[in-house]
1. Go through (1) within 17 Å of the chain's Cα centre (by Cα); (2) in a strand (DSSP E or B) for residue 155 and report which single condition fails.
2. Give the number of residues within region 91-118 that are over 16 Å from residue 203 (Cα atoms), within 8 Å of the ligand (Cβ to nearest atom) and touching a residue at least 12 places away in the same chain (Cβ under 8 Å).
3. If the requirement is being within 11 Å of the ligand (Cβ to nearest atom), within 25 Å of residue 28 (Cα to Cα) and buried (at least 17 other Cβ atoms within 10 Å of the Cβ), which of these qualifies: 166, 176, 214?
4. Tally time: how many residues in region 79-90 are without any contact (Cβ under 8 Å) to a residue 60 or more places away in the chain and surrounded by 17 or more Cβ atoms within 10 Å (Cβ to Cβ)?
5. Within region 136-146, is even one residue surrounded by 14 or more Cβ atoms within 10 Å (Cβ to Cβ) and either within 13 Å of the ligand (Cβ to nearest atom) or assigned to a strand (DSSP E or B) (or both)?
6. Which residues, taken from region 107-135, are touching a strand residue (DSSP E or B) at 6+ places or on another chain (Cβ under 7 Å), over 14 Å from residue 89 (Cα atoms) and outside any loop (DSSP other than H, G, I, E, B)?
7. Among 23, 103, 70, which is the only one that is within 28 Å of residue 221 (Cα to Cα) and over 15 Å from the mean Cα position of the chain (by Cα)?
Ligand code: TMP
């Protein structure tokens, strides 16, 4: 398999074509942005952590029956994936109030939600990824009703699996963002699951082990990325 020309460069990853038109190579960068790219920086080693963590979590989710785009880890920063067409939706799952939900609804950060909250955002940087609902999705033809049902079902199942997985590593899964793609007409999980896309708090101390340390200038950013990866790796079975 050969790495060919770059297809796309996002804020945290690059995507390359390969000599197989149904496979891409994703390359993870150390670049970090927040607030729709307004804040920029580098988190040294982040690309390696996010690549390895996503690979471990996607493999684990596959074992639980969740289809993902992952084929195989190629190197510290590269992963071979199925060439999906990404649906322009950010799917956010929330167990505990934090971030934009706390701001928007005036619910103190750390307050458990009585029911898991599922949100959709329209993946569009120019518009700042605005929140939308099912009606917008169908009216704008961003996904079909069947696809949205699948996405909701997968997102809630992934939440159950990940909550348990992180708790076993003394981490509370506060919230996270998923992206899905289409491959041979089927919805499968794509993108990444990492400290960039999750809020992860230490179960005993509530210490933030995620990108909020960068967003909010809390310091110790590199260290917590390594910490999360080592908690995952050291307890792998
Ligand atoms: P929020 O509270 O800022 O809406 O973020 C909710 C979750 O989604 C949080 O775990 C961080 C993640 N997220 C992304 O992965 N990408 C984004 O662009 C944003 C805004 C949030």
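No lab work stands behind these numbers, since they all come straight from the coordinates. If you're wondering where the values come from, they're calculated on a predicted model, not measured in any experiment. Cβ atoms come from the backbone with ideal geometry, glycine included; neighbour counts cover every protein chain shown.
1. (2)
2. So the answer is 4.
3. Values: 166 fails: within 11 Å of the ligand (Cβ to nearest atom); 214 fails: within 11 Å of the ligand (Cβ to nearest atom).
Residue meeting the stated conditions: 176.
4. Filtering region 79-90 down to residues without any contact (Cβ under 8 Å) to a residue 60 or more places away in the chain leaves 79, 88.
If we keep only those that are surrounded by 17 or more Cβ atoms within 10 Å (Cβ to Cβ) too, we end up with 79.
So the count comes out to 1.
5. Initial filter on region 136-146 (surrounded by 14 or more Cβ atoms within 10 Å (Cβ to Cβ)): 137, 142-143.
This time we only want the ones that are either within 13 Å of the ligand (Cβ to nearest atom) or assigned to a strand (DSSP E or B) (or both), so: none.
No, there is no match, as no residue in region 136-146 is surrounded by 14 or more Cβ atoms within 10 Å (Cβ to Cβ) and either within 13 Å of the ligand (Cβ to nearest atom) or assigned to a strand (DSSP E or B) (or both).
6. Scanning region 107-135 gives 112, 113, 116, 117.
7. On the way: 23 fails: within 28 Å of residue 221 (Cα to Cα); 70 fails: over 15 Å from the mean Cα position of the chain (by Cα).
On inspection, the qualifying residue turns out to be 103.
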